[in-house]
1. Looking only at the range 239-265, count every residue that is without any contact (Cβ under 8 Å) to a residue 24 or more places away in the chain, farther than 17 Å from Val296 by Cβ and of a type in the set (A, V, I, L, M) and tell me the total.
2. For the range 140-155, which positions are crowded, with 21+ Cβ neighbours inside 10 Å, more than 10 Å from the chain's Cα centre (by Cα) and not in a helix (DSSP H, G or I)?
3. Taking the options Leu227, Leu198, name whichever one is farther than 18 Å from Val37 by Cα, over 22 Å from the mean Cα position of the chain (by Cα) and at pLDDT 95 or above.
4. Which of (1) of a type in the set (Gly, Ala, Ser); (2) part of a loop (DSSP other than H, G, I, E, B); (3) at pLDDT 95 or above is the odd one out, the single condition Gly208 does not satisfy?
5. Provide a single number: the residues in the range 258-276 that are in contact with a helix residue (DSSP H, G or I) (Cβ under 9 Å, 6 or more places away or on another chain), surrounded by fewer than 21 Cβ atoms within 10 Å (Cβ to Cβ) and not charged (D, E, K, R).
6. Looking only at residues in the range 224-257 that are small (Gly, Ala, Ser) and more than 16 Å from Pro205 (Cβ to Cβ), which one is surrounded by the fewest Cβ atoms within 10 Å (Cβ to Cβ)?
7. Out of curiosity, is Ser219 polar (S, T, N, Q), farther than 29 Å from Glu194 by Cβ and modelled with pLDDT under 95?
8. Among Gly71, Gly113, which is the only one that is on the phi < 0 side of the Ramachandran plot and in a helix (DSSP H, G or I)?
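The values are calculated or read from the model by the stated rules, or taken from the named source; none is laboratory data. Nothing here was measured: the structure is a model prediction, and the numbers come from that model. All Cβ positions, even for glycine, are placed from backbone atoms using ideal geometry, and neighbour counts span all protein chains on display.
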Amino acid sequence: MLAVVPPPVTVRVPSKINLLLSVGDLRDDGYHDLTTVFHALSLTDEVTVTATTGEPGVEVTGEGERLVPTGDDNLALRAVRALAEHVGRPEDADRVRVVIRKGIPVAGGMAGGSADAAATLVACSALWHLDLHRDELAEIAATLGSDVPFALYGGTALGTGRGERLVPVLSRHTYHWVLAFDQRGLSTPKVFGELDRLRATGDPPRVGAPEALLEALASGDPRRLALLLGNDLQAAAVSLRPGLRRTLRAGVTAGALAGVVSGSGPTCAFLCSDGESALRVAAELAGAGVCRTVRVAHGPVPGARVRDE
Ligand code: C5P
């Protein structure tokens, strides 16, 4: 009898920025307690999973393709294994090929690796006809990384704990962003470590509670939102990569309402008044010689979704 080979499944998954990232104390498990407002952007990766008996493993193309590890520690392959084990079919993990098309910068502070893991969970779940609820996938996602659950849900969400506990924030408005990619990535643990060091030797500024920002989001007024963007990791990212100070200034000089380092950096996100302004800011920033490349994006957008062919 001929075995029926299921068709490949492709999932599109958003990047994220943190509109607000308040970092608390270092915990005993090596993580920091966070209060953060995640915002999913239209800058995306695409992940295709295919059933294979020949060539399991992962292949990466696109933005930063040579920087992504393709061994067993690849986060997408870890997602395949975690899901296969969760449903009691560990042997299925060796019968999948994962192809990742990257648009999200690698080690850029936009949760690109986490996005690929979330996309892989959704894709394998469809490939294997598992019919799992997104909340069940989110539990597996949280074991893979702090930002993986958010990439499943997308939208805008308040995150606490390590960032994995999420409450959706309803927002009917679209915001327009320009993203400045740096020449090289930054290691997330190093940036958190630099913040601990800065706090041990001084008193870097801390962002406040999220309430005012959540109200600004609900108003839909980008000018109000711009005043409230903030990131405790920014001082640490700038300390490790002093050139970011120039990038942040250049975005505002180019006409953005405000700029903020995204997550642990080094990508800088600039909020603009509308889509046309974002295009103008992007063009000017691209010519300013302060970053490797620029992209425009909007948010919020949905989380990891199977793509309609
Ligand atoms: O959860 P994830 O694997 O993405 O985290 C990468 C690293 O970032 C952690 O090992 C830790 O050093 C740091 N981190 C942290 N506190 C968080 C999230 C991440 O210190 N809430």
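1. Of the residues in the range 239-265, 1 are without any contact (Cβ under 8 Å) to a residue 24 or more places away in the chain, farther than 17 Å from Val296 by Cβ and of a type in the set (A, V, I, L, M).
2. Of everything in the range 140-155, those that are crowded, with 21+ Cβ neighbours inside 10 Å, more than 10 Å from the chain's Cα centre (by Cα) and not in a helix (DSSP H, G or I) turn out to be Gly145, Ser146.
3. Numbers: Leu227 fails: farther than 18 Å from Val37 by Cα.
None of the other options fit; the residue is Leu198.
4. Condition not satisfied by Gly208: (3).
5. 2
6. Checking each candidate, the answer is Gly243.
7. Considered against the rule, which asks whether it is polar (S, T, N, Q), farther than 29 Å from Glu194 by Cβ and modelled with pLDDT under 95, Ser219 comes out as yes.
8. Result: Gly113 is the single residue among Gly71, Gly113 that is on the phi < 0 side of the Ramachandran plot and in a helix (DSSP H, G or I).
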